[in-house]
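The values are calculated or read from the model by the stated rules, or taken from the named source; none is laboratory data. Keep in mind the model is a prediction, meaning the values are calculated, not measured. Virtual Cβ from ideal backbone geometry, glycine too; neighbours counted across all protein chains shown. Heavy atoms of the whole protein, side chains included, go into the accessibility calculation; ligands, DNA and RNA do not. Shrake-Rupley method; radii C 1.70, N 1.55, O 1.52, S 1.80 Å.
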Amino acid sequence: MYLTRLLYVSDYNRDKPFDAGQMLKSAIAKNRANQITGALWFDGRQFIQVLEGARDVVSETYHRIAQDERHNNIELVCCNSVTERFFPQWSMGYFGDTLSNQQMILRYSTSDKLNPNEMSPDSLLGLMMTLELKNME
Ligand code: FAD
């Protein structure tokens, strides 16, 4: 099964509580068992997530995540076969809304306000690869 990378964006559904630490703990355990790697951005308003792994497992994981009521307006940005992982050491790295991360937004966007819907797949992936990851394991 080919190595695949998927990127999606969504809005946080404010009607549902979201505890990043708790969610990541269970996501990391599931991802490790499935040999999924990747990274998640959450700034209190939006999620951006990259999933990497075998195509069937990435697809199953994305469909499970897409059913999760903690999202609204989930949008698949890209899903491609790739030659290597960008986050091989992260079962799910986490980006918080830190000042240094905010400053990186301008590098990949037309403004320093994050608006994933106005960013190309390459810019979103570039942003995710440059941000400062926090280990939640
Ligand atoms: P169950 O555990 O039976 O849960 C059923 C439903 O209950 C879920 O769909 C969800 O809507 C809701 N739910 C579950 N836990 C909570 C909670 N603590 N608070 C509020 N509602 C809850 N899973 C992965 O395996 N890998 C990932 O990389 C991953 N990334 C995620 C990123 C985001 C932004 C979010 C919101 C979720 C992510 N999840 C991830 C979790 C995933 O969406 C599922 O909730 C999880 O995999 C459990 O699925 P399940 O079918 O066993 O559902």
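A few notes on this one:
- Wholly enclosed helices (runs of 4 or more DSSP H) of segment 1-111 bearing at least 3 residues within 14 Å of the ligand (Cβ to nearest atom) and in contact with a Ser or Thr (Cβ under 7 Å, 6 or more places away or on another chain): 20-34
- Tally, over segment 72-87, of residues that are surrounded by 16 or more Cβ atoms within 10 Å (Cβ to Cβ) and within 15 Å of Leu40 (Cβ to Cβ): 3
- Residues within segment 107-120 that are over 17 Å from the mean Cα position of the chain (by Cα) and either among the β-branched types (Val, Ile, Thr) or open to solvent by 100 Å² or more (accessible area, probe 1.4 Å) (or both), tallied: 3
- Residues satisfying the stated conditions in segment 1-20, i.e. small (Gly, Ala, Ser) and at pLDDT 90 or above: Ser10
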